[in-house]
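Since the structure comes first, as structure tokens, the remarks are kept for the end.
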Amino acid sequence: MSILNNEKISVIGAGAWGTAISIHIARLGYKVNLWVREKETLDCITNTKMNKLFLPNHIIPENVMPSNDINEIIKNSKILLWAVPTQHLRKIISDTISNIPKNTFHINLAKGIEREHNIFPYDILKEYFGENSVSVMSGPSFADEVAAGKPTVLVIASKNNNFAKKIQHMFSNESLRIYTSDDPIGVSLGGALKNIIAIAAGICDGMELGHNARAALITRGLSEIVRLGNAMNVNIKTLFGIAGVGDLILTCTSQKSRNYIFGLRIGKGEKTEDIIASMKQVAEGIYSTYGALYLAKKFNVEMPITKTVHQIIWNGKCPKQGVIELMTRPLKSEW
């Protein structure tokens, strides 16, 4: 396949998802510049054409160009895909902004809430680059399946509809279908909160509470997401779409999910700090509970599952006691 050079496309972050999306874009015929923070990962990709630490067993095409020089990667880029954890995004932007071209378009790939300012990664990008240059791409998308070319559906959301449509047509093929949306906050909300509910689902399974309990928990978790979405005036259809229910189902029901596995280990009795220390990649939901509870308070929305997950992770609440408290809350109508 001939290499398309009309756009300089750069991916910032060579974790599993950054590597997978680079592989996909490269297969479409584009040259992809990939920023790799860890020297051992860069050496591995350079020498073996694989990212054995974060995405083993997938060959990285020749037209993915890895480097640990982020300023060189960013220079002259037309499209930047940000695949770094939410809590690190602001620092990386502030360190490199002087080298980012003014006419660059930015796509956020992270799913979280910044703990310090209680905002989504999309909002961070918007602060620095303006609403017209920023979008968010999300949906049910395990990295290894995207890298393997298995059918995946995503949504790209932006207030700049022309840019969203451009990315839709550039990056879609028979294995990746992309829808457009004009609701970036709704897409960001669904992506962040589903991780918290996935932790709860993992706790549920770690405690061996059964399928009934997990199904109920996912459903009631969705009701929390919808309540907050209503209060924040997002398009509720977004939360029942690919970036909402679609991603929620995936993340709450698979052991490929880092957030689910984190919750599973909590449910089996492990400690938060021990699990975090052992994980190669970040489970965004761990830190998003702070922002979710801030938004719940700001918009006067009740989110008991989210609150309980936060207390279990950060305040040492016994998971069994958390379940009892959720099950014995005052009885009421479902909606």
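A compact table of results
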{"item": "Residue pairs meeting the criteria (Cβ under 7 Å; at least 6 apart or on separate chains; first among the charged types (D, E, K, R), in the range 106-120; second open to solvent by 30 Å² or more (accessible area, probe 1.4 Å) and not in a strand (DSSP E or B))", "result": "Glu114/Gln87; Glu114/Arg90; Arg115/Gln87; Arg115/Tyr287; Arg115/Tyr290"}
{"item": "Residue within the range 165-186 that is among the acidic types (Asp, Glu), on the phi > 0 side of the Ramachandran plot and over 18 Å from the mean Cα position of the chain (by Cα) present", "result": "no"}
{"item": "Conditions (1) modelled with pLDDT of 95 or more; (2) in contact with a helix residue (DSSP H, G or I) (Cβ under 7 Å, 6 or more places away or on another chain); (3) loosely packed, with under 15 Cβ neighbours inside 10 Å; number of the one not met by Arg90", "result": "(3)"}
{"item": "Helices (runs of 4 or more DSSP H) completely within the range 129-237 that count 1 or more residues being within 28 Å of Gly322 (Cα to Cα) and open to solvent by 40 Å² or more (accessible area, probe 1.4 Å)", "result": "211-231"}
{"item": "Count of residues meeting criterion [outside any helix (DSSP H, G or I) and among the β-branched types (Val, Ile, Thr)] in the range 248-298", "result": "1"}
{"item": "Residue under evaluation Trp335, criteria (1) in contact with a helix residue (DSSP H, G or I) (Cβ under 8 Å, 6 or more places away or on another chain); (2) over 16 Å from Ile266 (Cα atoms); (3) modelled with pLDDT of 95 or more; (4) open to solvent by 50 Å² or more (accessible area, probe 1.4 Å), criterion not met", "result": "(3)"}
{"item": "Subset of the range 273-312 [open to solvent by less than 80 Å² (accessible area, probe 1.4 Å) and farther than 28 Å from Trp335 by Cβ]", "result": "Ile275, Ile276, Ser278, Met279, Gln281, Val282, Ala283, Glu284, Ile286, Tyr287"}
{"item": "In the range 189-228, the residues that are under 20 Å from the mean Cα position of the chain (by Cα) and free of Cβ contacts under 8 Å to residues at least 24 places away in the same chain", "result": "Val226"}
{"item": "Positions within the range 24-36 being touching a strand residue (DSSP E or B) at 6+ places or on another chain (Cβ under 9 Å) and open to solvent by 50 Å² or more (accessible area, probe 1.4 Å), in sequence order", "result": "Lys31"}
{"item": "Any hit, the range 236-245, residues being closer than 20 Å to Ser138 by Cβ, under 22 Å from the mean Cα position of the chain (by Cα) and of a type in the set (D, E, K, R)", "result": "yes"}
{"item": "Any pair with Cβ under 7 angstrom, 6 or more apart, that starts in the range 310-335 at a residue that is over 20 Å from Val226 (Cβ atoms) and ends at one that is charged (D, E, K, R) and exposed (fewer than 10 other Cβ atoms within 10 Å of the Cβ)", "result": "none"}
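The rows are residues; the columns are (1) under 16 Å from the mean Cα position of the chain (by Cα); (2) closer than 24 Å to Lys159 by Cβ; (3) modelled with pLDDT under 95.
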site: Ile9; (1), (2), (3): no, yes, no
site: Ala16; (1), (2), (3): yes, no, no
site: Thr19; (1), (2), (3): yes, no, no
site: Leu34; (1), (2), (3): no, no, no
site: Asp69; (1), (2), (3): no, no, no
site: Thr86; (1), (2), (3): yes, yes, no
site: Ile107; (1), (2), (3): yes, yes, no
site: Gly112; (1), (2), (3): yes, yes, no
site: Phe120; (1), (2), (3): yes, yes, no
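The values are calculated or read from the model by the stated rules, or taken from the named source; none is laboratory data. Being a predicted model, the structure only gives us computed values, none of them experimental. Note: ideal-geometry Cβ built from the backbone for every residue, glycine included; neighbour counts use all protein chains shown. To get the accessible areas, we keep the full protein, side chains included, count just its heavy atoms, and leave off ligands, DNA and RNA. Shrake-Rupley method; radii C 1.70, N 1.55, O 1.52, S 1.80 Å.
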